[in-house]
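Okay, structure first, notes after.
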Amino acid sequence: MALRLGDLAPDFTAETTEGTIQFHSWLGDSWGILFSHPADYTPVCTTELGATAKLGAEFARRNVKVAAVSVDPLDAHHGWVKDINETQGTTVKFPIIADPNRVVATAYDMIHPNADDKATVRSVFVIGPDKKIKLTLTYPASTGRNFLELLRVIDSLQLTAKYRVATPADWQEGQDCIITPAVKDAEAETLFPKGFRKVKPYLRYTPQPNR
Ligand code: BEZ
């Protein structure tokens, strides 16, 4: 069955471009992003891994470890990384998991046979420090993902894990947040000392609490 939000992220041991990892212990106390791509030496995937590498400092600043996976073997990954670095003007420093036996792809349901019965689709799993799945995304092979959106989502996930707020449509770090419905107005006055704006009884905005 497909993994759902709140499920424990399956653990695994795998060979990667950065050596063998045991996934949970490699994650440690960090947040994690595990994302699959259909195949090495393909154009969209090349740009995606380049984009991820360029955002390395942003992921690190948020305490997020990133790992990519495909069903290609390790020697292909190593050769392809050189192409990514050359063509995308960056240095890939995160592990790319070799999954020729589909251990990771199967555990995370990354092969969708009605799209492609051999290659992984473009799955994304954001995993919290408790090893639970906080977000999933699935894109087709033909559409490259937006990695700035992943940073935005991480900002929201980390904020809403600590404060009783949610983030509205298209929210960006620094913008007003929404007070969650379970918080009563009287409690909101204590929880959010910067105040709040009540547009409707169920729609209350407050400045981002951790800024
Ligand atoms: C790509 O990464 O460019 C790609 C991979 C598989 C199918 C289509 C495109």
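Of note:
- Subset of region 91-133 [open to solvent by less than 20 Å² (accessible area, probe 1.4 Å), more than 16 Å from PRO73 (Cα to Cα) and touching a Pro at 6+ places or on another chain (Cβ under 8 Å)]: TYR108, VAL121, ARG122
- Wholly within region 10-62, helices (runs of 4 or more DSSP H) carrying at least 3 residues that are open to solvent by 40 Å² or more (accessible area, probe 1.4 Å) and within 16 Å of the ligand (Cβ to nearest atom): 43-54
- ASN146 within 16 Å of the ligand (Cβ to nearest atom), under 30 Å from HIS37 (Cα atoms) and surrounded by fewer than 18 Cβ atoms within 10 Å (Cβ to Cβ): yes
- Among (1) farther than 23 Å from PHE12 by Cα; (2) within 12 Å of the ligand (Cβ to nearest atom), the one test that SER70 misses: (1)
- The selection criterion, being part of a helix (DSSP H, G or I), under 21 Å from the mean Cα position of the chain (by Cα) and either on the phi < 0 side of the Ramachandran plot or outside the structural domain of LYS118 (by TED's automatic domain parsing) (or both), holds for VAL81.
- Put simply, of ASP83, ASP72 the only residue that is surrounded by 18 or more Cβ atoms within 10 Å (Cβ to Cβ), in contact (Cβ under 8 Å) with a residue 12 or more places away in the chain and among the charged types (D, E, K, R) is ASP72.
- Set side by side, the residues VAL103, VAL92 differ, and just one is outside the structural domain of GLU173 (by TED's automatic domain parsing), closer than 26 Å to SER25 by Cβ and within 16 Å of the ligand (Cβ to nearest atom), which is VAL92.
- Restricting the first member to region 28-44 and to residues that are more than 18 Å from ALA98 (Cβ to Cβ), and the second to residues that are in a loop (DSSP other than H, G, I, E, B) and within 11 Å of the ligand (Cβ to nearest atom), the beta-carbon pairs closer than 6 Å and six or more apart or on different chains are VAL44/GLY144.
- Check on THR136, under 19 Å from the mean Cα position of the chain (by Cα), in a loop (DSSP other than H, G, I, E, B), among the hydroxyl-bearing types (Ser, Thr, Tyr) and closer than 30 Å to SER36 by Cα: no
- Scanning region 157-171 finds one or more residues that are under 30 Å from THR42 (Cβ atoms) and either assigned to a loop (DSSP other than H, G, I, E, B) or open to solvent by less than 60 Å² (accessible area, probe 1.4 Å) (or both).
- Residue that is surrounded by the fewest Cβ atoms within 10 Å (Cβ to Cβ), among those in region 174-194 that are touching a Leu at 6+ places or on another chain (Cβ under 9 Å) and outside any loop (DSSP other than H, G, I, E, B): ILE178
The values are calculated or read from the model by the stated rules, or taken from the named source; none is laboratory data. What you are looking at is a predicted structure, and each value in this text was computed from that prediction instead of being measured. Quick reminder, even Gly has a Cβ in these numbers, built from the backbone with ideal geometry, and neighbours come from all protein chains shown. Quick note on the areas: whole protein, heavy atoms, side chains included, nothing else; ligands and nucleic acids left out. Shrake-Rupley method; radii C 1.70, N 1.55, O 1.52, S 1.80 Å.
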